[in-house]
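Read the structure below first, then the notes.
The values are calculated or read from the model by the stated rules, or taken from the named source; none is laboratory data. Quick caveat: nothing in here was measured; it's all calculated off a predicted structure. Cβ sites come from the backbone with ideal geometry, for glycine too, and all protein chains shown count toward neighbours. All accessible areas refer to the heavy atoms of the entire protein, side chains included, with ligands and DNA or RNA removed. Shrake-Rupley method; radii C 1.70, N 1.55, O 1.52, S 1.80 Å.
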Amino acid sequence: MTLYSRITGTGSYLPPRRVTNDDLARQLADRGIETSDQWIIERTGIRARHFAEPEVTSSDLALHACRHALEASGRSAQDVDLIIVATSTPDMVFPSSAAILQHKLGIAGCPAFDVQAVCSGFVYALTVADAMIRTGGAKCALVVGAEVFSRILDFNDRTTCVLFGDGAGAVVLEASDTPGILASDLHADGSHVGILCVPGNVSGGQVLGTPLLRMDGQAVFKLAVRVLEDAARATLAKAGKVDADIDWLIPHQANIRIMQGTAKKLKLPLDKLIVTVDEHGNTSAASIPLALDAAVRGGKVKKGDTLMLEGVGGGFTWGAVLLNL
Ligand code: ACO
């Protein structure tokens, strides 16, 4: 009997257009807004991000990431019996980006749906897929984080537009006799909705409110550091593990200072922290699977390693997944 789920392949994709801090500073200067490579690096650790071309959607980025993950797992799209896409920048209001992705993969019939938990979306999606596999609802899932956050950035707001980027990451999660996903811990607290949101909606053929990202950076920062430590500790406790059992910490790539703060609280040396925020920026739900795939393909993270994945984002939402690769 299958008791567990296990990642059997990872993949990712970044749109080709790489935008450095200097590129962005020049673009903002044209609007009379001042920023600099130095400010962005010092406050966030970000050096560059990738922006998709206007016609490219989240499901387009997801398709590339899924093909790479399927190839790595030795599976084909025909083996897939569940698709979950974590995104806050879906192709359409409906149907889900997962359904659109399913069609682009050339398959039909299996359940496909989106998860909306902003930057925690990937740990939410992985937890849902794990539960469905362990209860017999699926055997071979594609779990994806895909975003075109550049679409919801306000390029007149230097406090937010320098932080985010576009991209997609995916894993193939399969039924397994050996673990796999060891434990997870998910949370949300809607009382913090105002500190990080896109406060708009579609109504009567018009956008009501603001369809651009708004963030109170300092409030997010303080909350993120606290909840990330709590989620990691709760997940370790559920799995009967301790800090020292973690081989690699792969947190949501929002800000190097938040990530290093979390590693220190978990008493992990900084060389156990996977960092891609420097080259990717914050890609929201895509950031964890992008970082995971970069670490696997870069030869750092190896089969059998114990990984702590951690997400935090709008909602407020947060959570962690501990797994053996
Ligand atoms: N370039 C130059 N100056 C800037 C910029 C910029 N891009 N942005 C802000 N400043 C200025 C401000 O106007 C302010 O100037 P002032 O002192 O003259 O008023 C000064 O820099 C300091 O601004 P702060 O907001 O205090 O800067 P802080 O050190 O807090 O850094 C930051 C801002 C980077 C946003 C930080 O608060 C942060 O990282 N917060 C967490 C954000 C985050 O991680 N969000 C995502 C998590 S959830 C998710 O992923 C959706």
Item to check | Number of positions in segment 1-43 that are more than 14 Å from the ligand (Cβ to nearest atom), farther than 12 Å from GLY165 by Cβ and either without any contact (Cβ under 8 Å) to a residue 12 or more places away in the chain or under 22 Å from the mean Cα position of the chain (by Cα) (or both) | outcome: 12
Checklist entry - Quick one: how many residues across segment 231-262 are modelled with pLDDT under 95 and out of contact with any helix residue (DSSP H, G or I) (no Cβ under 9 Å at 6 or more places or on another chain)? => result 1
Next on the checklist: Tell me which helices (runs of 4 or more DSSP H) are completely within segment 226-299 and hold 3 or more residues being crowded, with 24+ Cβ neighbours inside 10 Å and in contact with a His (Cβ under 8 Å, 6 or more places away or on another chain), or say none if there are none.
Outcome noted: 287-297
Item to check | Matching helices (runs of 4 or more DSSP H) fully within segment 95-213 where at least 2 residues are farther than 15 Å from ALA62 by Cβ and more than 16 Å from the ligand (Cβ to nearest atom) | outcome: 121-134
Checklist entry - Looking at ILE46, is it β-branched (Val, Ile, Thr), touching a residue at least 24 places away in the same chain (Cβ under 8 Å) and within 16 Å of the ligand (Cβ to nearest atom)? => result yes
Checklist entry - Would segment 263-285 turn up any residue that is modelled with pLDDT under 95, under 19 Å from ALA117 (Cβ atoms) and basic (Lys, Arg)? => result no
Next on the checklist: List pairs: first residue in segment 71-90 and among the charged types (D, E, K, R), second residue open to solvent by 60 Å² or more (accessible area, probe 1.4 Å) anywhere in the structure, Cβ distance under 6 angstrom, at least six positions apart or on different chains.
Outcome noted: ASP81/LYS139
Checklist entry - Mind checking which pairs have a first residue in segment 245-256 that is outside the structural domain of THR306 (by TED's automatic domain parsing) and a second that is within 9 Å of the ligand (Cβ to nearest atom) and open to solvent by 10 Å² or more (accessible area, probe 1.4 Å), Cβ under 8 Å, 6 or more apart or different chains? => result none
Checklist entry - Is segment 133-153 home to any residue that is open to solvent by 30 Å² or more (accessible area, probe 1.4 Å), of a type in the set (Lys, Arg) and closer than 30 Å to ASP22 by Cα? => result yes
Next on the checklist: Please go through (1) at pLDDT 95 or above; (2) of a type in the set (S, T, N, Q); (3) open to solvent by 20 Å² or more (accessible area, probe 1.4 Å) for THR317 and return the number of the only condition it doesn't satisfy.
Outcome noted: (3)
